[in-house]
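Comments concern the structure below.
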Amino acid sequence: MNPRILALGDGALTLEFGDRIDRALNAKVIAARDALAALKLDGISDVVPTYRSLTVHFDPLRLDREALTAQLLAAAQAPPGKSALATRWNIPVVFGGQFGPDLAEIARITGRSESTVIEAICAAELRVFLIGFLPGFPYLGELPEWLRLPRLATPRTVVPANSLAIAGAQAAVYPWASPGGWHLLGRTPVRLFDLTDAARPALLAPGDTLRFAPVSRDEFERLATDVAAGKIGREDWREA
């Protein structure tokens, strides 16, 4: 479908590209976001990329709606490519056991070994489609076809913070302890949301890419201790 503009009250516009979860479609969203950011328009308060659309919140007293509509449609024509605003991350994860209680069952359902499941997750370069559900919660994709499982029939009332989980074609990391119905594979020591970082409280942003790296339980405990003590900063998880 051709990009279209949807009005959200008098202070927001949505630039819509399609109606599905698709990596190529999301690349168009990110390209439009970057093109709009390059204009440095006065009056924009927030820009929210999703799987398939870009919502722009603005002050109608400072930014003309018709002018913004034209600029959004022009931004929609920006060619997808490597985003200048995107970051590549390398996120350590301890898999299985108490940290990933569903790993064994996932291996059984898919007919693979636990090590094969871990290798598949860590081999995939996952894209951050959007941040939602909880502050800092990244929706990541896409997983190999054979690893795409339905959500749990009965969601857990509490998923531990920093848990790596999968459901459908996507993976995610829970930044906070919360209810959840995804399959739990492991846990990371990385803090995905930190209010002390006013410039970037959410570590990940739409358009970023990441890989998970397996670590032992001892290494996980060491990293978690160093993170808590401030010996490891957020920039240390950037991929060189």
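The values are calculated or read from the model by the stated rules, or taken from the named source; none is laboratory data. Bear in mind the structure is a predicted one, so any value in this text is a computation, not a measurement. Note that we place each Cβ from the backbone using ideal geometry, even for glycine, and neighbour counts take in every protein chain shown. The protein model used for the area step is the full one, side chains on, heavy atoms only, and it has no ligands, DNA or RNA in it. Shrake-Rupley method; radii C 1.70, N 1.55, O 1.52, S 1.80 Å.
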Revision key, fill the gap. All conditions in (1) crowded, with 16+ Cβ neighbours inside 10 Å; (2) among the polar types (S, T, N, Q); (3) under 21 Å from the mean Cα position of the chain (by Cα) are true of residue 90 except (1)
Exercise for review: Check 127, 112 and return the single one that is in contact (Cβ under 8 Å) with a residue 24 or more places away in the chain and under 21 Å from the mean Cα position of the chain (by Cα).
Suggested key: 127
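Are any residues in region 51-65 free of Cβ contacts under 8 Å to residues at least 24 places away in the same chain, of a type outside the set (Asp, Glu) and open to solvent by 70 Å² or more (accessible area, probe 1.4 Å), and if so, which ones?
Of region 51-65, the ones free of Cβ contacts under 8 Å to residues at least 24 places away in the same chain are 61-64.
If we keep only those that are of a type outside the set (Asp, Glu) as well, we get 61-63.
Of everything in region 51-65, those that are free of Cβ contacts under 8 Å to residues at least 24 places away in the same chain, of a type outside the set (Asp, Glu) and open to solvent by 70 Å² or more (accessible area, probe 1.4 Å) turn out to be 61, 62.
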Check your understanding: Out of 196, 188, which single residue is hydroxyl-bearing (Ser, Thr, Tyr) and within 21 Å of residue 156 (Cβ to Cβ)?
Key -> 188
Point to revise | Residue ID - nearest to residue 25 (Cα to Cα), chosen from residues in region 202-237 that are assigned to a helix (DSSP H, G or I) and open to solvent by less than 40 Å² (accessible area, probe 1.4 Å) | key: 237
**Study point:** The one condition in (1) touching a residue at least 40 places away in the same chain (Cβ under 8 Å); (2) among the hydroxyl-bearing types (Ser, Thr, Tyr); (3) more than 19 Å from residue 128 (Cα to Cα) that residue 157 fails to fulfil
**Key:** (1)
Check your understanding: Scanning for something surrounded by 18 or more Cβ atoms within 10 Å (Cβ to Cβ), touching a helix residue (DSSP H, G or I) at 6+ places or on another chain (Cβ under 7 Å) and in a strand (DSSP E or B), does region 188-201 turn up at least one residue?
Key -> no
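Take the residues in region 23-50 that are within 22 Å of the chain's Cα centre (by Cα) and open to solvent by 40 Å² or more (accessible area, probe 1.4 Å), then tell me which one is nearest to residue 168 (Cα to Cα). Full working, then the answer.
First pass over region 23-50, keeping only residues within 22 Å of the chain's Cα centre (by Cα): 23-37, 45-50.
Adding the requirement that they be open to solvent by 40 Å² or more (accessible area, probe 1.4 Å) leaves 23-24, 28, 37, 45-48.
Numbers: 23: 14, 24: 18, 28: 22, 37: 32, 45: 33, 46: 29, 47: 27, 48: 23 Å.
Top of the filtered list is 23.
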Review point. If you take the residues in region 34-61 that are of a type in the set (A, V, I, L, M) and assigned to a strand (DSSP E or B), which one is nearest to residue 75 (Cα to Cα)?
Key: 54
**Study point:** Number of the exception - residue 107 against (1) farther than 19 Å from residue 152 by Cβ; (2) assigned to a helix (DSSP H, G or I); (3) open to solvent by less than 70 Å² (accessible area, probe 1.4 Å)
**Key:** (1)
Review point. Within the set of pairs 6+ apart or on separate chains, which have a first residue in region 66-86 that is open to solvent by 60 Å² or more (accessible area, probe 1.4 Å), a second that is outside any helix (DSSP H, G or I), and C-beta atoms under 7 Å apart?
Key: 73/3; 73/5; 85/207
Review point. If you go through region 85-92 one residue at a time, do you hit one that is over 28 Å from residue 203 (Cβ atoms) and of a type in the set (A, V, I, L, M, F, W, C)?
Key: no
Study note, to complete from the structure: Residue pairs qualifying under the 9 Å Cβ cut-off, at least six apart or on distinct chains, with the first in region 1-15 being closer than 13 Å to residue 47 by Cα and the second being of a type in the set (Ser, Thr, Tyr) and open to solvent by 40 Å² or more (accessible area, probe 1.4 Å), are 11/45
Revision key, fill the gap. Among (1) in contact (Cβ under 8 Å) with a residue 24 or more places away in the chain; (2) over 14 Å from residue 131 (Cβ atoms); (3) not β-branched (Val, Ile, Thr), residue 167 falls short only on (1)
**Study point:** Members of region 120-158 that are open to solvent by less than 30 Å² (accessible area, probe 1.4 Å), in a loop (DSSP other than H, G, I, E, B) and over 13 Å from residue 50 (Cα atoms)
**Key:** 124, 136, 143
